[in-house]
Amino acid sequence: MQTCQILGSGHAVPHRILTNADLEQMVDTSDAWIIERSGIRQRHIAEPGSSLSDLAADAVKQALERAATSADEIDLIIVATVSADMKFPAMACLLQEKIGATKAAAFDISAACAGFIYGLHLAKSLMQTCAYQRVVVVAAEMLSSMVNWTDRNTCVLFGDGAGAVVLGPAEGNSGILSTTIHSDGNHSKLLYNPAGSQHVLTPEDLNNNFATINMQGREVFRHAVASMTAALNEALELAGLSAEDLDFIIPHQANNRIIEAIAKRFKVPPGKLIVNVERFGNTSAASIPIALNEAIQNGTIKKGATVGMTTFGAGLTWAGAVIKI
Ligand SMILES: CC(C)(COP(=O)(O)OP(=O)(O)OC[C@H]1O[C@@H](n2cnc3c(N)ncnc32)[C@H](O)[C@@H]1OP(=O)(O)O)[C@@H](O)C(=O)NCCC(=O)NCCS
């Protein structure tokens, strides 16, 4: 059975930056509160009416170039998102057209902030069973389109962005060493957006911010720390490694305090932890591939590095992975 490795990566974020000072003008909050509770200083927010598939296409084109792969070689496109351009068709199909991946099969997966590792898990399995040679996994989110901009509990946390990897058959020591995915629908109401087929939107809903993110922050925090710890432990065990074998850990960039709690549990020195939440906020599924690509492009993560990744999101969903670059 062939295993796979990352051949190239890319990321893209909207140009517009929303700072904590900007948010102070919008809701009853302060720069100091946001930094203390989340570590976030700014986030990139898409212009209204702009398209998430454009952002995803930008990230994929970079990844393809770095992987020396042309779009017509792609066998499969998996897009992880909960904020696609449209209800249907899948954003993966819109992206397919934008990048010209003529022979690819394309579909979306919905696993919220855990979506990127869910995508890797699926891609790895399908590359083994279907002998695909080139698979693109893209995680892209525009949560700004569903944030309640009058709710200070949530509107300070999220940002928009896209991250992508191109996967091919593993060579040498490089590869996706392990992936693990989990869900628990019993806690679906801790973090959700109720808009959907169960409730056809009325004009009042728009005025009442019905179709927006609802979150029980404290409970989400508690589950996040426990499940991200469990997911990374499981991924390490599947890879036959221990935390000391990791050169870097990339946790989901939800919140600095969650990241610090994970670092403490794995006794990670600061230099081993990849963190960019202060500049991007929580970009949901896109957070890990954005952090991964940044760290590869700025030379922090080099060829041969062993990287642990762990994430958590609405669902509840959680997932972990260990990769060798
Ligand atoms: C959201 C979060 C930062 C809130 O921090 P917290 O310490 O739990 O704060 P609480 O929700 O208990 O609220 C404490 C107070 O701060 C207030 N508050 C909430 N948001 C605020 C903001 N942006 N600015 C100022 N005050 C705020 C609350 O209203 C509350 O005030 P009260 O005591 O008068 O009622 C924290 O719970 C968290 O990070 N949760 C995880 C969220 C997450 O990562 N979600 C995505 C997962 S993928």
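The values are calculated or read from the model by the stated rules, or taken from the named source; none is laboratory data. Predicted model, so just to flag it, every value in this text is computed and none were measured. When we count neighbours, we look across all protein chains shown, and the Cβ atoms used for this are built from the backbone with ideal geometry, even at glycine.
Points to keep in mind about this one:
- Verdict on ALA123 being hydrophobic (A, V, I, L, M, F, W, C), assigned to a helix (DSSP H, G or I) and at pLDDT 95 or above: yes
- Flag for LEU55 being more than 16 Å from the ligand (Cβ to nearest atom) and either in a helix (DSSP H, G or I) or under 21 Å from the mean Cα position of the chain (by Cα) (or both): yes
- Hits in the range 19-32 - residues which are in contact (Cβ under 8 Å) with a residue 40 or more places away in the chain and not hydroxyl-bearing (Ser, Thr, Tyr): ASN20, LEU23, MET26, VAL27, ASP28
Condition check ((1) touching a His at 6+ places or on another chain (Cβ under 6 Å); (2) part of a strand (DSSP E or B); (3) among the charged types (D, E, K, R)) across all residues:
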{"position": "ILE78", "(1), (2), (3)": "no, yes, no"}
{"position": "ALA84", "(1), (2), (3)": "no, no, no"}
{"position": "PRO89", "(1), (2), (3)": "no, no, no"}
{"position": "CYS93", "(1), (2), (3)": "no, no, no"}
{"position": "LYS98", "(1), (2), (3)": "no, no, yes"}
{"position": "LYS103", "(1), (2), (3)": "no, no, yes"}
{"position": "ASP108", "(1), (2), (3)": "no, yes, yes"}
{"position": "TYR118", "(1), (2), (3)": "no, no, no"}
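- Against the numbered list (1) among the acidic types (Asp, Glu); (2) more than 21 Å from ALA80 (Cα to Cα); (3) within 13 Å of the ligand (Cβ to nearest atom), GLU141 comes up short only at (2).
- Scanning the range 242-256 for any residue that is within 30 Å of PRO14 (Cβ to Cβ), among the acidic types (Asp, Glu) and not assigned by TED's automatic domain parsing to the domain that holds PHE116 turns up nothing.
- Verdict on ARG134 being touching a residue at least 60 places away in the same chain (Cβ under 8 Å), assigned by TED's automatic domain parsing to the domain that holds GLU36 and within 16 Å of the ligand (Cβ to nearest atom): no
- Search result, residues across the range 301-316 that are in contact with an Asp or Glu (Cβ under 8 Å, 6 or more places away or on another chain) and farther than 13 Å from THR179 by Cβ: ILE301, ALA305, THR306, GLY315, LEU316
- SER227 within 16 Å of the ligand (Cβ to nearest atom), touching a residue at least 60 places away in the same chain (Cβ under 8 Å) and within 17 Å of the chain's Cα centre (by Cα): yes
- Count of residues meeting criterion [away from the ligand (no atom under 16 Å from the Cβ) and buried (at least 21 other Cβ atoms within 10 Å of the Cβ)] in the range 8-43: 7
- Flag if THR150 is of a type in the set (Ser, Thr, Tyr), farther than 30 Å from GLU237 by Cα and either out of contact with any Gly (no Cβ under 8 Å at 6 or more places or on another chain) or crowded, with 24+ Cβ neighbours inside 10 Å (or both): yes
- Candidate set from the range 205-224 (those that are surrounded by fewer than 16 Cβ atoms within 10 Å (Cβ to Cβ) and outside any helix (DSSP H, G or I)); member that is nearest to the ligand (Cβ to nearest atom): GLN216
- Scope the range 179-198; condition assigned to a strand (DSSP E or B) and touching a helix residue (DSSP H, G or I) at 6+ places or on another chain (Cβ under 8 Å); matching residues: THR179, THR180, ILE181, HIS182, LEU191
- The range 270-313: number of residues that are small (Gly, Ala, Ser) and surrounded by 24 or more Cβ atoms within 10 Å (Cβ to Cβ): 8
- Test: residue in the range 231-253 that is surrounded by 22 or more Cβ atoms within 10 Å (Cβ to Cβ), within 11 Å of the ligand (Cβ to nearest atom) and over 21 Å from LEU177 (Cβ atoms): yes
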